[in-house]
Amino acid sequence: MEISQQCVVGLTWTLKDTLGEVLDVLDDPVEFLIGGDDLFDAIEAALQGHEPGARVQLQIEPEQAFGDFNDQLLFLEPRALFPKELEEGMTFDGAALPAGTNPTMPRDAIYAVTEVYPEHVVLDGNHPLAGIALRLDMTVRSVREATEEEIGRGSAGTGFFKLPSVAPGNDLLH
């Protein structure tokens, strides 16, 4: 079966930046709905017409992926507002930021703690891969028809590339 709209594709990949640094390796196949919300449009377009066993390589520019880096999403907040055990790499949901933080901070972002000072904390609402062009080397492992439930949900249940942030202490995407 060829990859087309409303099918589910199982992929493995290596994701690198343009300098060749490995950002993520997916050795075990993960399923994604084509024509849903699981993958970026550029990835879906590159996969169209391929069958299991195909190897697809592409470069994705920031505007096709996690967007350009936005310095308006960097905030310096009082250290006293945050838990004592605060560490770089921890994340906070914008909707659940401590009381007293800047009221202009978008509440629909995930903020990563990028620096901790005695009096202040730097919060970054950009995706960790914002502003980075990505090179993706994928192998199609399987292709099947999507179920009605997957089509209705718009996902095969993965939503991998739609995650707003990585988990603390995890330098990979999944």
If you take the residues in region 129-149 that are crowded, with 20+ Cβ neighbours inside 10 Å and not β-branched (Val, Ile, Thr), which one is nearest to residue 8 (Cα to Cα)? 146
Residues (crowded, with 20+ Cβ neighbours inside 10 Å and in a loop (DSSP other than H, G, I, E, B)) located in region 98-127: 109, 125, 126, 127
With criteria (1) under 22 Å from residue 117 (Cβ atoms); (2) assigned by TED's automatic domain parsing to the domain that holds residue 155; (3) of a type in the set (Lys, Arg), residue 16 comes up short on (1)
Mind checking which residues of region 47-62 are charged (D, E, K, R) and either part of a strand (DSSP E or B) or surrounded by 15 or more Cβ atoms within 10 Å (Cβ to Cβ) (or both)? 55
Quickly run through region 21-39 and pick out the residues that are surrounded by fewer than 20 Cβ atoms within 10 Å (Cβ to Cβ), at pLDDT 95 or above and in a loop (DSSP other than H, G, I, E, B). 21
So is residue 155 touching a residue at least 12 places away in the same chain (Cβ under 8 Å), within 24 Å of residue 12 (Cβ to Cβ) and assigned to a loop (DSSP other than H, G, I, E, B) or not? yes
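The values are calculated or read from the model by the stated rules, or taken from the named source; none is laboratory data. Remember, it's a predicted structure, so these values are computed and weren't measured experimentally. Ideal geometry is used to build each Cβ from the backbone, glycine not excepted, and the neighbour counts take in all protein chains shown.
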